[in-house]
Amino acid sequence: MAGGTDYDREKLAELVLYIADRSISDARFGKTKLNKILFFSDFTAFRLHGRSITGAEYQHLPEGPCPHQLLPVLESLGTDIIETREQVGPYTQKRLIAMRKARVELFSGPEIAIVDAVISELAPLTNKQSSELSHETNAWRLTHDKQEVPYSMAVLSMEEPTAADIAWLTERSGRGRVEHVS
């Protein structure tokens, strides 16, 4: 895994349950917002502590970064999580509902504090607004469709990247050239 962080399927699964449970009263919570909560939580943890929470590999998708391993994890949760579909204006919102409590003992206090802060920050936003917020990050702006989003991008500010920033990321990503896309 790029960035020296190891993927932990169990932590990703339990974090999905935790986020779904904590977001039960958020009428705007859907799968898109789940993806953004995971992204902002993992990348904030990496920026602050040098290690993400789940180690999931994020990929650049049109709606913003998404954990590559999310669909298999959702399938592995079976009846521990259910998906409903609700019409919200012109959109069909795919909402996840946890059917059991997450095993929070898998997480450190600082990890849960980061996730709780991200949930609170995104709570007033719609799924679309959460997606748009992720599009403002250099992690999304500097990658292309279906490309891995390196954790090293977490250390970049939201400001326009410099040529030196791009060179630094390219060197550390080990995935080929990273380019700025407007």
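The values are calculated or read from the model by the stated rules, or taken from the named source; none is laboratory data. If you're wondering where the values come from, they're calculated on a predicted model, not measured in any experiment. Here Cβ is always computed from backbone atoms with ideal geometry, including for glycine, and neighbour counts include all displayed protein chains.
With respect to (1) farther than 22 Å from residue 8 by Cα; (2) out of contact with any helix residue (DSSP H, G or I) (no Cβ under 7 Å at 6 or more places or on another chain), the lone exception for residue 113 is condition (1).
The residue of region 29-50 that is surrounded by the most Cβ atoms within 10 Å (Cβ to Cβ), among those that are of a type in the set (D, E, K, R) and touching a strand residue (DSSP E or B) at 6+ places or on another chain (Cβ under 8 Å), is 42.
In the set (1) closer than 22 Å to residue 125 by Cα; (2) touching a Leu at 6+ places or on another chain (Cβ under 9 Å); (3) free of Cβ contacts under 8 Å to residues at least 24 places away in the same chain, residue 82 fails one condition alone, (1). Filtering region 108-150 to residues that are of a type in the set (Ser, Thr, Tyr) and either modelled with pLDDT under 95 or buried (at least 18 other Cβ atoms within 10 Å of the Cβ) (or both) leaves 126, 130, 131, 134, 137, 143.
Within region 20-49, residues that are of a type in the set (Asp, Glu) reach partners that are buried (at least 23 other Cβ atoms within 10 Å of the Cβ) and part of a helix (DSSP H, G or I) with beta carbons closer than 8 Å, at six or more positions or on different chains, in the pairs 26/33; 42/151. Of all residues in region 73-91, those satisfying the criterion of being within 23 Å of residue 103 (Cβ to Cβ) and exposed (fewer than 13 other Cβ atoms within 10 Å of the Cβ) are 75, 78, 79, 83.
Scanning region 100-153 for residues that are among the small types (Gly, Ala, Ser), touching a residue at least 24 places away in the same chain (Cβ under 8 Å) and in a loop (DSSP other than H, G, I, E, B) returns 102, 123. Taking the condition free of Cβ contacts under 8 Å to residues at least 40 places away in the same chain and either of a type in the set (A, V, I, L, M) or in contact with a helix residue (DSSP H, G or I) (Cβ under 9 Å, 6 or more places away or on another chain) (or both), does residue 71 pass? In short, yes.
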